[in-house]
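Computed from the coordinates by the stated procedures, all read-outs in this text should not be read as laboratory data. Not measured: the values here are computed from a predicted model. Backbone-built Cβ (ideal geometry, glycine too); neighbour counts: all protein chains shown.
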Amino acid sequence: MLELEKHLQELKDGKAEHTFEVQDIARLLHIHPVHLSNTIKDVLGKSPCDVYEEKLMYIAKEMILTTNHPIAEIARQLTFDPSNFSKFFKHFEGKTPKQFRDAHQ
């Protein structure tokens, strides 16, 4: 979906004011959020939130590894409070963003 990719690029560029929620994506597709959730779950075996969070993690890792921006700046660019970003990242990666960066340098 082009609008989702556009939104993710805006996050990456620091131009998005908030992250999307299921209802935002459903609105763009002109379908009901429950229908969107059920369809994604049936096709991918994951919730829309899981898919979106995986994409956010991909972008976060890319930014951590390819820029010298402070982790707090990356967090804000992705519309996170820095402490919440660290918790989010650690939940998926098993290490903090700083630990991840240090391990890959």
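So here's what we get for this one:
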{"quantity": "The one condition in (1) over 13 Å from the mean Cα position of the chain (by Cα); (2) surrounded by 18 or more Cβ atoms within 10 Å (Cβ to Cβ); (3) farther than 15 Å from residue 102 by Cβ that residue 71 fails to fulfil", "calculated": "(3)"}
{"quantity": "Filter result for residue 57 (in contact with a His (Cβ under 8 Å, 6 or more places away or on another chain) and part of a helix (DSSP H, G or I))", "calculated": "no"}
{"quantity": "Given (1) of a type outside the set (A, V, I, L, M); (2) within 17 Å of residue 6 (Cα to Cα); (3) in contact with a Ser or Thr (Cβ under 7 Å, 6 or more places away or on another chain); (4) part of a helix (DSSP H, G or I), number of the condition residue 19 does not satisfy", "calculated": "(4)"}
{"quantity": "Selected residue (criterion: farthest from residue 17 (Cα to Cα)) from residues of the range 57-85 that are touching a Pro at 6+ places or on another chain (Cβ under 6 Å) and free of Cβ contacts under 8 Å to residues at least 24 places away in the same chain", "calculated": "72"}
{"quantity": "Qualifying residue in the range 78-99 (condition: of a type in the set (Asp, Glu), out of contact with any Phe, Trp or Tyr (no Cβ under 8 Å at 6 or more places or on another chain), part of a helix (DSSP H, G or I) and at negative phi)", "calculated": "no"}
{"quantity": "Residue among 54, 17 that alone is touching a residue at least 40 places away in the same chain (Cβ under 8 Å), among the charged types (D, E, K, R) and loosely packed, with under 15 Cβ neighbours inside 10 Å", "calculated": "17"}
{"quantity": "Residue 22 being more than 30 Å from residue 105 (Cβ to Cβ), exposed (fewer than 13 other Cβ atoms within 10 Å of the Cβ) and free of Cβ contacts under 8 Å to residues at least 40 places away in the same chain", "calculated": "no"}
{"quantity": "Residues of the range 23-52 that turn out to be part of a helix (DSSP H, G or I) and either more than 13 Å from the chain's Cα centre (by Cα) or over 20 Å from residue 88 (Cβ atoms) (or both), as a count", "calculated": "19"}
